[in-house]
Amino acid sequence: MDPQRFNQVNERDVTLGVDAASIREDFLRKLFFQLAKFPGVATRNDQYLALSYLVRDRLLLRWVHSARTFLELQSRTVIYLSAEFLPGPQLDHNVLNLGLTTAVREAMTSLGIDYDTLVEHEEEPGLGNGGLGRLAACFMDSLATVEVPAIGHGIRYEFGIFDQQIRDGEQVESTDKWLRLGNPWEVLRHDVEHAIGFGGHTEHGVDSLGHYRVKWHPERVVTGIPYDTAVVGNGTTNTNFLRLWSARATEEFDLKAFNEGEYWKAVDEKVRSENISKVLYPADHSLAGKTLRLEQQYFFVSCALQDCIRLLLQKTTIDKFAEKYAIQLNDTHPALAVAELMRLFVDVHGLSWDRAWAMTVAACGYTNHTLLPEALETWPLPLLQRLLPRHVELIFEINRRFLDEVRAKFPGDEDRVRRMSLIDENGERSVRMAHLATVGSHSINGVAALHSRLLIETVLKDFAELYPERFTNVTNGVTPRRFLAQSNPRLSSLITQAIGPGWVNDLDRLLGLEPFAEQGDFRRQWREVKSANKRDFARWVSRVHGVEVDPQSLFDVQIKRIHEYKRQQMAGLYIVWLYLRIRAGDTRGLVPRTFIFSGKAAPGYRMAKLIIRFLNALSTTLAKDPRARDWLHVAFVPDFNVKNASHLYPAADVSEQISTAGKEASGTGNMKMAMNGALTVGTLDGANVEIRERVGDENFFLFGLTSDQVDDEKRAGYRPQERIEHDRRLRSILDAIADDTFSPGQHGLFSPLVHSLAEVDPFLVMADLAAYIECQDRVAALWKQPEAWTKASVFNTARVGFFSSDRAIREYADRIWDVKPVKLSPMK
Ligand code: NBG
């Protein structure tokens, strides 16, 4: 035995070929030795797995190298806590980031395998609902690419976001069995597990040294085990990882119960424990007031933080925690981290309260992702008390000290104290998670300039007055690797032809495209790329979903979660307006258009589901009417997810970003589409504001009320009826819907929609619709001038470099995390 000798060996002693011949040979090795198959019986899934495993080897080599280096250097590490991650399919993305695209294609071709078929075969991990989870995935990609050491922590939901089918125009949900055929990317760490307590009671006392100590005796303990997925940077060696926690029963069976013959009772506890990581809550922007959801949040936060401490203590002591880690709370879902850190520091590791609190605040940062009241989490105190009794005590103590600070700064202002308290005393007492996250963080940011301004003017106003230095903005970004290089190879090669390589990791270089916008020949090529992408999309959507679209028409695209504030219904009303005109023979100024919608509705959100029903009804009605054939089509593409979206972004001509101003925190689909050369029709909301500033107002179709005007309208007692009375277009649109034009044989199907719009209109659709119609006229007018349109399209791509998530991550790294990149040398 010579451990010294073993320790001197390292990953550099292994080489993995990156040429087509090596990849071909490794493919066969994986097929034979890992899957125990020969070509004659290997299924497509076997081929996919064999290829994925050999690609994973190349990731793991870099990962091991990164991990060893980071450990030696004790590099400061970002811990990104997020209840949701939507990474999308891994195979092609990893192949691209490793620079293996050509070699892999060649190797597959030499074996008679179509690489694209394998890529299309992959199921994605749908471990998120929408933009928030996808942002987390873009950030993981950028952290590795800009060489910042990071670990993402989340939950390995056995069932992710539901699959959506459209049956008879309605959304039908089915379980997402993403793990069914195996997940080749994850690595289970058998040697790591953490115990997560729930319930029970606390015991207060004095230890042998005379220190006041609290001990929590949980009633129930669940085990968390980690599944790791490597995340490699593009063109870097740096490889970070995503650590997703899965819940296991601590004892497989309750032996006593089992011995007494109560088999069911014995397995009951197992089922209860493992339910924690069973399924993702499929609602975005609404509080699911569920015990299980709270259990999920605490479960992954505690696993993550215990794991951080475990790693820290391998090399140093607990008081170095805040030097070693920058903890980012992705919305309030992980806000319990603030209380859990205090528990770990004070109760478990014996630090003083003040030391523990200073480290907690120094380590934590909080990103707010929404101002919508229904999405601001609060947990009923009795529930918290029952599940996490020690954390309630800690939250009370944090609150007591915090409110003393508020009183000292604003003497006599008890109203303010009530507003700022971590505990909401109105009605049933509850804990305000956004307040907990804010008080426990040294930095609080919104996700676009407007959103961050509104955050400090409204939801967190009192906090911004107390701690102005803590508030900042980091506008979101998206990864150009996945959303341009990988999903739009045609446009990518045209860009590279024009400005050379290197832009994908330095997206501001796209500015170099500007002069090309003036060249007719380049514009022609640009149009050809878009047309080819649209034809591809038309073929794909027909083959996979049986939806027919005409690639010659203008593709007007709105793809995102279905929500009243996002106003898919407003686009629907505009389509009705166009249809009424066409039926009346008035096609002046129109251009042939295909409206493409895609998005899921929360299963319990009735109005959102009715909007899906409505859009599908428009689609069928128009398809049946020969008068509409040349002008107007509507396609609803089922099951919006990262994979399907990647077919859509490259094909979009118009990007619909039409939320009520002040409601969409940022949006990221807006960035993805502009990057692919779509022109935005948008309100001054979220990141639209900054997109417009950058691409130029002449290359952006703006309409609608500003967020201040929306507030004014509401304050003045907004009445949609007045708008309807004054505008015969609005009347005729609503009348047509109410008359069952789109619901033949189903009288009154859409009356809840009409009623909501005409009587309440919480998102001011009626106030903005006229402006929207006029804005769409401008769209049609520009579409009729292909040269001018193309120029605007080129300018959109050229000027959106700012919206790379690399830029966003660099801002977080400099202004919030204080982390420096760690450069690693290239590896074979
Ligand atoms: C969403 C916002 C989007 C934003 C993403 C990412 C939540 C709670 N918020 O506008 O609605 O782009 O977060 O920041 O899902």
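The values are calculated or read from the model by the stated rules, or taken from the named source; none is laboratory data. These numbers were taken from a predicted model, which means no experiment stands behind them. Positions of Cβ are generated from backbone atoms using ideal geometry, with glycine treated the same way; all protein chains shown enter the neighbour counts. When the accessible area is computed, the model is the full protein with side chains, heavy atoms only, and any ligands, DNA or RNA have been set aside. Shrake-Rupley method; radii C 1.70, N 1.55, O 1.52, S 1.80 Å.
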Q) Restricting attention to the stretch 210-251, and to residues there that are within 24 Å of the chain's Cα centre (by Cα) and aliphatic (A, V, I, L, M), which single residue is surrounded by the fewest Cβ atoms within 10 Å (Cβ to Cβ)? A) Ile225
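Among the residues in the stretch 419-427, are any part of a helix (DSSP H, G or I) and either more than 28 Å from Ser659 (Cα to Cα) or open to solvent by 20 Å² or more (accessible area, probe 1.4 Å) (or both)? Give the steps one after another, and end with the answer.
Filtering the stretch 419-427 for residues part of a helix (DSSP H, G or I) gives 419-420.
Still in the list and also either more than 28 Å from Ser659 (Cα to Cα) or open to solvent by 20 Å² or more (accessible area, probe 1.4 Å) (or both): 419-420.
Looking through the stretch 419-427, at least one residue is part of a helix (DSSP H, G or I) and either more than 28 Å from Ser659 (Cα to Cα) or open to solvent by 20 Å² or more (accessible area, probe 1.4 Å) (or both).
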(Q) So, in the stretch 126-138, exactly how many residues are buried (at least 24 other Cβ atoms within 10 Å of the Cβ) and within 10 Å of the ligand (Cβ to nearest atom)? (A) 8
Q: Pick out, from the stretch 473-584, the helices (runs of 4 or more DSSP H) lying fully within it that include 2 or more residues that are more than 30 Å from Arg731 (Cβ to Cβ) and touching a residue at least 24 places away in the same chain (Cβ under 8 Å).
A: 489-499, 520-545
Q) How many residues does the stretch 660-704 contain that are under 21 Å from Gln569 (Cα atoms), assigned to a helix (DSSP H, G or I) and more than 12 Å from the ligand (Cβ to nearest atom)? A) 1
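Matching residues to (1) of a type in the set (Ser, Thr, Tyr); (2) out of contact with any Phe, Trp or Tyr (no Cβ under 9 Å at 6 or more places or on another chain):
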{"site": "Asp521", "(1), (2)": "no, yes"}
{"site": "Arg527", "(1), (2)": "no, no"}
{"site": "Val541", "(1), (2)": "no, yes"}
{"site": "Val547", "(1), (2)": "no, no"}
{"site": "Gln569", "(1), (2)": "no, no"}
{"site": "Tyr574", "(1), (2)": "yes, no"}
{"site": "Arg588", "(1), (2)": "no, yes"}
**Q.** Criterion: modelled with pLDDT under 95, more than 16 Å from the ligand (Cβ to nearest atom) and closer than 22 Å to Cys308 by Cβ - qualifying residue of His194, His190, His153
**A.** His190
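Give me a count of the residues in the stretch 453-472 that are within 16 Å of the ligand (Cβ to nearest atom), assigned to a helix (DSSP H, G or I) and open to solvent by 10 Å² or more (accessible area, probe 1.4 Å).
2
Scanning for something assigned to a loop (DSSP other than H, G, I, E, B), in contact with a helix residue (DSSP H, G or I) (Cβ under 8 Å, 6 or more places away or on another chain) and surrounded by 19 or more Cβ atoms within 10 Å (Cβ to Cβ), does the stretch 705-724 turn up at least one residue? Give the steps one after another, and end with the answer.
Step one: list which residues in the stretch 705-724 are assigned to a loop (DSSP other than H, G, I, E, B), which gives 705-706, 716-719.
Adding the requirement that they be in contact with a helix residue (DSSP H, G or I) (Cβ under 8 Å, 6 or more places away or on another chain) leaves 705, 718.
With the extra rule that they be surrounded by 19 or more Cβ atoms within 10 Å (Cβ to Cβ), the set shrinks to 705.
Within the stretch 705-724 (the criterion being assigned to a loop (DSSP other than H, G, I, E, B), in contact with a helix residue (DSSP H, G or I) (Cβ under 8 Å, 6 or more places away or on another chain) and surrounded by 19 or more Cβ atoms within 10 Å (Cβ to Cβ)), the answer is yes, since at least one residue qualifies.
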Q | Neighbours by Cβ (under 6 Å, 6+ apart or cross-chain): first from the stretch 353-372, within 16 Å of the ligand (Cβ to nearest atom); second part of a strand (DSSP E or B) and among the hydroxyl-bearing types (Ser, Thr, Tyr) | A | Gly365/Ser443
Q: Might you let me know whether the stretch 328-339 holds any residue that is assigned to a loop (DSSP other than H, G, I, E, B), in contact with a Gly (Cβ under 9 Å, 6 or more places away or on another chain), within 16 Å of the ligand (Cβ to nearest atom) and farther than 27 Å from Ile225 by Cβ?
A: no
Q) Asp630 passes all but one of (1) more than 16 Å from the ligand (Cβ to nearest atom); (2) in contact (Cβ under 8 Å) with a residue 40 or more places away in the chain; (3) out of contact with any Leu (no Cβ under 7 Å at 6 or more places or on another chain); which number fails? A) (2)
Q) Just checking, how many residues over the stretch 506-524 are open to solvent by less than 50 Å² (accessible area, probe 1.4 Å) and more than 15 Å from Arg799 (Cα to Cα)? A) 3
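Is it the case, given these coordinates, that Ile444 is among the β-branched types (Val, Ile, Thr), in a strand (DSSP E or B) and either crowded, with 19+ Cβ neighbours inside 10 Å or in contact with a helix residue (DSSP H, G or I) (Cβ under 8 Å, 6 or more places away or on another chain) (or both)? Talk me through it step by step, then tell me what you get.
Values: among the β-branched types (Val, Ile, Thr): yes; in a strand (DSSP E or B): yes; either crowded, with 19+ Cβ neighbours inside 10 Å or in contact with a helix residue (DSSP H, G or I) (Cβ under 8 Å, 6 or more places away or on another chain) (or both): yes.
Here the answer is yes, as Ile444 does meet what is asked.
Could you identify the single residue in Leu118, Leu91, Leu98 that is surrounded by fewer than 23 Cβ atoms within 10 Å (Cβ to Cβ) and closer than 27 Å to Ala813 by Cα?
Working: Leu118 fails: closer than 27 Å to Ala813 by Cα; Leu91 fails: closer than 27 Å to Ala813 by Cα.
Residue meeting the stated conditions: Leu98.
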